[in-house]
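A short worksheet on the structure shown next.
The values are calculated or read from the model by the stated rules, or taken from the named source; none is laboratory data. None of the values given here were measured: they were computed from a predicted structure. Note that we place each Cβ from the backbone using ideal geometry, even for glycine, and neighbour counts take in every protein chain shown. With ligands, DNA and RNA removed, areas are computed over all heavy atoms of the protein, side chains included. Shrake-Rupley method; radii C 1.70, N 1.55, O 1.52, S 1.80 Å.
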Amino acid sequence: FPSHDKTVTFTLSGESSQAILWMRSKGALIIGTSSSTHSAKGSSGAISVSNITVRKESDVRCSEIEPTETKDEVIFVDKRGRRVYSVFYQFEIDGYAVQPIALLSEHLGGEFPIQQLDYQDSSNTIWARRSNGTLISCIYLRSQEVNGWARHTIAGTDASVASICVYQVLLKMSYGYK
């Protein structure tokens, strides 16, 4: 049997050194770095030592915050924690587009960076927890050009949330959401 556990080493081009912060697979290997976003893929399927193409997709500086995924996209936060971006394959350019989902307004706690991100497929909702504990959400359907952000108040107060998972459990228990 051929061995499939070979290490592949490649260089991301750039004007300066950049740390790889995260990687996700969406038709290509999407790579978020401290200075840009890249895609890497093999010309005939799997990436190998002799079969790799690396392309810089944007100059958006990525955050170390774990990205989340929809069926077709990688959703991530920029380095400052102020904007949420989507990376998706775009047929017209035969590559991956990186687009902001929305600039977060001050009334949603925009002065506090995002610290955690999650996507709930059943409701097409992006959940984000800010550094002050505020929980915000975005109904997101890129194919329909729909996105709208909201801030969530818990038990009638601006109580903070330690984890997005805790809030999703509260929603399930209180309203029967899945």
Within the set of pairs 6+ apart or on separate chains, which have a first residue in region 132-154 that is in a loop (DSSP other than H, G, I, E, B), a second that is among the β-branched types (Val, Ile, Thr), and C-beta atoms under 9 Å apart? Gly133/Val161; Thr134/Val161
Filtering region 46-89 down to residues that are out of contact with any Pro (no Cβ under 9 Å at 6 or more places or on another chain) and at positive phi yields none
Residue under question is Arg83, and the condition is that it be closer than 30 Å to Phe112 by Cα, at pLDDT 90 or above and either among the polar types (S, T, N, Q) or under 13 Å from the mean Cα position of the chain (by Cα) (or both); does it hold? no
For Ile139, indicate whether it is open to solvent by 60 Å² or more (accessible area, probe 1.4 Å), modelled with pLDDT of 85 or more and of a type outside the set (Asp, Glu). yes
So Tyr177, is it in a loop (DSSP other than H, G, I, E, B), modelled with pLDDT under 70 and touching a Leu at 6+ places or on another chain (Cβ under 9 Å): yes
